[in-house]
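Asks: So that we are looking at the same thing, I have put the structure below in structure tokens.
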Amino acid sequence: MPNLEAPEQQEDGRDLVLPSQQRHAIATIIPRIGAEQGQRTQDQASVAARLYLAFNHMRAVIGRLIEEEAVHGRAILLAPIYMGVGAIFWFRMDSDPPLQTVLTACLLLTGGFLFKPDAGRLLRHLLFAGMLMSLGMALAQWESWRASTVMLDSAVTTTVTGRVERRETYDNGRWRYVVKIDATEKPSIHRPPERVTIFVRKQAEPFTLGDRIQVRARLTPPAGPALPHLNDFAFSSYFNGIGANGFAYGTPTLLSPAGDEIEGSLLDEADIWLAGLRNGIGDRIRRILPGDTGAFAAALVTDERRALSDEATEALRTAGLTHIIAVSGLNMALSAGIFYIGLRYLFSLFPGLAQAWPTKKIAAFGALVTVTAYYLISGFGVSAERAFIMMAIMLVAVLFDRPSISLRNVALSAIVILVLSPSQVLGPSFQMSYAATLALVSGYTLWKRRQHRENIISRSRWLSPVLFVSRFFGGIVSTSFIGGASTAIFSIEHFHRLATYGLAANLAAMPIVSFVVMPFGMAAMLMMPFGLDGPLWKVTGEGLEIVILVAKTVAGWGGDITFGRQPAWLMPTFIAGFLAMSVLRTRLRHLGFLLLLLTVGVAALGSGVPKPDLMISEDGVLVALRQDDILATNRERPQAFIFEQWQKAMVAAEHQPPTILPVDSRLPRITKKERRRRLNAEEQKAVRKAMEEALDRTMQGSFACQKGAWCVAMLENGAILVTIENAAYLPPACDTANIVVTPIRLRLDRCRSGAALYTGATLRRTGSVEIDLSGDKPVVSTAFENPQRPWTRHRTYDWRTGTFGTPIEPRSPVSDSDE
């Protein structure tokens with residue numbers, strides 16, 4: 001407290017004397033202020049103490065819950081998670097990490113985990129996680145080396161000679177062949193891919209597997225992302241062993257039939273035999289059941305889905321019933337369950353046999369043989385492989401008297417798949433399947449804990465039928481809701497769409513699938529060797545017609561919501577919350593639910609991913625300008641494969657085609673064969689003038705095109721965009737525009753005028769391009785910044801020198817004067 005008796009000093013140094021009344025007031029007020037400050041300090045200290053105690057209590061509770069989770073032995077459930085994280089980290093890196101580094105880290109972490117049992121719980125868990133993450137990285141690198149697929153570096157028209165290894169039919173009569181290449185000529189490809197897919201139109205009789213054919217075909221490299229951060233189709237093609245896609249000019253020529261000796265191992269011969277058996281089964285089903293019904297039935301057995309019409313496929317997708325088509329967990333579970341229950345019921349008819357033999361294990365073994373045969377004729381697809389491994393582990397658990405439906409079995413199947421093919425962890429099929437399985441098994445575990453409450457009611461003879469029906473439809477509702485909710489975010493992320501009426505469609509369709517389609521379909525397959533399968537397939541077809549009718553009816557309601565690209569943080573945080581809620585057993589799982597709610601809430605309230613104003617396809621053929629929900633392109637009929645992905649990612653519903661300008665006799669006419677044509681000064685001047693006049697005729701944000709020659713557009717920021725079909729138009733285009741795009745593979749990467757130039761050569765290395773013009777300076781994003789991974793490195797290959805080059809830096813679409 002200050003001393004009131006001491007006089008204060010004025011600025012000139014003289015003492016300041018206060019009146020007696022002011023000194024008395026100060027002497028009275030200051031003790032009160034000190035008391036209030038002391039009370040406030042005590043209150044603050046009390047609040048801090050309470051917060052400290054609450055924090056210590058929360059830490060103690062979380063510690064006890066973590067110890068309880070450890071007692072439950074949930075480490076096996078975390079193993080595939082850590083392995084998957086390691087594999088994803090390896091696949092997402094810009095270049096292959098040194099193998100020595102990965103193996104050294106794996107060995108050191110493994111040694112620390114095995115030989116340090118006295119380490120703390122946290123340290124041992126970190127060693128466990130690091131060990132499995134490095135193992136996942138090593139497995140990813142091993143799979144990449146096993147594949148070693150040679151990817152075609154650039155599009156080429158050549159004559160292909162090879163042997164047919166796979167075939168699949170389309171609804172419009174086309175055939176898709178997987179051909180193992182023996183030779184290429186006219187021209188001979190320097191780095192020919194080992195396997196390619198070739199589409200053949202209007203072929204009366206398809207080739208037999210093993211036939212050696214020759215065909216003139218246009219081959220193109222597997223497609224990259226349609227936009228940065230979208231799906232890279234070349235990634236899956238690399239690990240599937242497909243180095244190029246193409247279409248045939250005319251009908252291929254048969255050089256030698258399949259009866260000739262096939263070069264290859266015994267496994268190759270067995271693979272071709274199984275593929276032939278699968279094709280024979282599919283052809284027979286489609287002969288008995290024509291149209292979409294037969295294609296649907298064949299897809300359920302052989303996983304050949306391309307024969308289904310686009311209309312039926314879109315209806316099933318919109319209604320949320322596409323999981324029925326794929327040979328996945330649903331089909332495998334129904335097949336195994338029907339055989340298992342049917343065989344046990346058959347044994348129950350003979351009480352002596354049922355008491356003398358372990359009928360449960362015999363039925364499980366028979367179901368295992370059934371799903372193995374199903375897997376062999378299904379084409380070894382990704383979803384079929386995963387479903388088979390999961391179902392096999394569950395049936396083997398029955399053989400050894402272990403619980404068949406458990407999270408441990410799900411984790412074991414995931415570990416097996418990650419060991420065999422870790423690249424699947426990035427695919428939507430793997431993610432959606434395991435998300436649904438985790439959610440369903442977790443829900444089943446919770447239901448089992450409460451099942452004893454219904455045991456007394458279920459003993460009533462009169463209520464048993466009612467309970468059976470209610471449980472059946474209740475099971476359909478609950479499984480459809482749980483499966484749909486758990487896979488919704490993955491559908492939004494990968495496909496940019498969500499079927500909102502999937503619950504109603506599944507409630508109507510699944511009883512038909514469970515009681516008509518699958519039982520009679522399985523019986524038809526068992527009777528097929530004896531030629532007695534026809535009537536059974538007819539009954540199956542009737543059920544499938546009802547399913548297709550349900551799909552078309554529900555699709556007519558609408559409800560297919562389109563979502564654009566989501567923020568990069570959305571998927572990792574959602575998956576973390578989902579895994580915590582599904583895998584953990586204690587109250588810690590509620591933290592996962594809170595994280596899910598927080599993730600969804602922030603994503604719903606946030607602004608999302610910024611949408612670009614300009615998009616360029618990776619081949620330079622298609623260019624689009626975005627204004628709100630309208631995409632204006634330089635093509636009257638844009639490529640559906642690329643444009644539909646742009647529409648979904650941008651949530652753009654309307655397409656604005658270009659304005660086609662009338663033919664101008666003043667302009668030079670250049671044919672496609674005149675690749676080396678150069679315009680003289682007068683011709684260049686005429687083209688520049690025509691481009692300027694076209695800009696005056698068209699609205700901002702739309703294209704005006706001289707068909708087969710060039711297109712011009714005025715962007716929102718005033719910049720001019722020109723696309724050209726022939727290199728002869730490059731000089732006037734560079735003089736007129738700020739941005740020039742051409743699919744021609746030029747050696748230039750920039751105009752002399754300073755305009756940004758995107759050519760077929762530069763786009764081949766960078767992939768698709770998107771440009772955001774909303775800021776002060778344009779922001780350029782490319783699909784690939786450093787294409788040095790095994791599935792992208794072919795983009796830098798130069799066939800002239802036979803070497804791999806360096807990537808091209810993306811150019812900003814501004815002129816030097818603007819900079």
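The values are calculated or read from the model by the stated rules, or taken from the named source; none is laboratory data. Computed from a predicted structure; not experimentally measured. Don't worry about glycine lacking a Cβ; one is built from the backbone with ideal geometry, like all the others, and counts go over all protein chains shown. Heavy atoms of the whole protein, side chains included, go into the accessibility calculation; ligands, DNA and RNA do not. Shrake-Rupley method; radii C 1.70, N 1.55, O 1.52, S 1.80 Å.
Asks: To the nearest 0.05, what FRET efficiency results for residue 122 and residue 481 with a Förster distance of 51 Å applied to their C-beta separation? Could you put the intermediate results ahead of the total?
Replies: Numbers: r = 38 Å, r/R0 = 0.74.
After rounding to 0.05, the efficiency reads 0.85.
Asks: Taking θ as phi - 60°, what are the ³J(HN,Hα) couplings along the range 119-134 by the Karplus curve (6.51, -1.76, 1.60), each to the nearest whole Hz, with x for Gly and Pro?
Replies: Coupling constants for the range 119-134: 5, x, 4, 5, 5, 5, 5, 5, 5, 4, 5, x, 4, 6, 5, 5 Hz.
Asks: FRET efficiency for residue 159 and residue 47, Cβ-Cβ distance as r, R0 = 60 Å, nearest 0.05? Write out the running numbers ahead of the final one.
Replies: Numbers: r = 83 Å, r/R0 = 1.39.
Computed FRET efficiency for residue 159 and residue 47 comes out at 0.10.
Asks: Related question: So for the range 133-246, taking the charge dipole from beta-carbon charges (+1 Lys/Arg, -1 Asp/Glu), which of 233, 181, 139 sits furthest toward the positive end?
Replies: The one lying farthest along the dipole's positive direction is 181.
Asks: If you filter the range 228-309 for chymotrypsin sites (Phe, Trp or Tyr not before Pro), then keep DSSP loop positions with at most 15 other Cβ within 10 Å, what is left?
Replies: Values: sites: 233, 235, 238, 239, 247, 249, 273, 296; in loops: 249.
Passing both the DSSP loop test and the Cβ count: 249.
Asks: Here is a further query. Read phi for every residue in the range 84-93 and hand back ³J(HN,Hα) as whole Hz from Karplus 6.51 cos²θ - 1.76 cosθ + 1.60, θ = phi - 60°, with x for Gly and Pro.
Replies: My calculation for the range 84-93 gives x, 4, x, 5, 4, 4, 5, 5, 8, 5 Hz in order.
Asks: Hey, what did the range 179-319 get for relative contact order, percent, Cα under 8 Å, at least 6 apart?
Replies: Numbers: 164 pairs, mean separation 30.4, N = 141.
After rounding, I find 22 percent.
Asks: Can you flag which of 186/673; 685/707; 552/648; 180/707; 202/707 are past 28 Å Cα-Cα? Walk me through the numbers on the way to the answer.
Replies: Details: 186/673 18 Å; 685/707 19 Å; 552/648 21 Å; 180/707 39 Å; 202/707 30 Å.
Distance filter (> 28 Å) returns 180/707; 202/707.
Asks: Name the long-range amide H neighbours of residue 249: under 5 Å, sequence gap of 5 or more, or other chain; modelled H, no Pro or chain starts.
Replies: The answer is 216, 217, 218.
Asks: Moving on to the next point. Which Cys in the chain stand alone, with every other cysteine's Cβ at 4.7 Å or more from theirs?
Replies: 106
Asks: For the chain, which whole percent of the accessible surface, found with a 1.4 angstrom probe, sits on carbon and sulfur atoms? Let's see the in-between values first.
Replies: Working: 25900 of 43030 Å².
After summing per-atom areas, the C and S share lands at 60 percent.
Asks: Now for a separate question. Hey, how many Å between the Cα centroid of the range 671-733 and the Cα centroid of the range 161-233?
Replies: Using only Cα atoms, the two centres lie 36 Å from each other.
Asks: Enumerate the calculated ³J(HN,Hα) couplings along the range 390-395 in order (Karplus 6.51 cos²θ - 1.76 cosθ + 1.60, θ = phi - 60°), each rounded to whole Hz, writing x wherever the residue is Gly or Pro.
Replies: So the Karplus estimates, Gly and Pro as x, are 5, 5, 5, 5, 5, 6 Hz.
Asks: Further, regarding this structure: What residues qualify as long-range amide H neighbours of residue 797, i.e. H under 5 Å apart, gap of 5 or more or another chain, H built at 1.01 Å from N?
Replies: 805
Asks: Rolling a 1.4 Å sphere over the protein heavy atoms, what is the accessible area per residue of the range 61-122, to the nearest Å²?
Replies: Working: 3790 Å² over 62 residues.
Per-residue accessible area for the range 61-122 comes out at 61 Å².
Asks: I need the fraction of alpha carbon pairs in the range 543-628 separated by more than 19 Å, rounded to a whole percent. Don't jump to the answer; show the numbers that get you there.
Replies: Working: 2399 of 3655 pairs.
Cα-Cα pairs in the range 543-628 separated by more than 19 Å: 66 percent.
Asks: Give the relative contact order (percent, whole number) for the chain; include only Cα pairs under 8 Å separated by 6+ residues. Can you show the working numbers first?
Replies: Details: 1316 pairs, mean separation 81.2, N = 819.
Reported as a whole number, the value is 10 percent.
Asks: For residue 660, what residues show an amide H to amide H distance below 5 Å, using hydrogens built from the backbone and excluding near sequence neighbours?
Replies: Under 5 Å from the amide H of residue 660: 705.
Asks: On average, how much accessible surface per residue is there in the range 502-620, in Å², for a 1.4 Å probe, leaving out ligands, DNA and RNA? Mind dumping the intermediate values first?
Replies: Numbers: 5710 Å² over 119 residues.
Heavy-atom accessible area per residue stands at 48 Å².
Asks: Also: For the chain, build the convex hull from the C-alpha positions and give me its volume per residue in Å³.
Replies: On the way: hull volume 251.8 nm³, N = 819.
Normalising the Cα hull of the chain by residue number yields 307 Å³.
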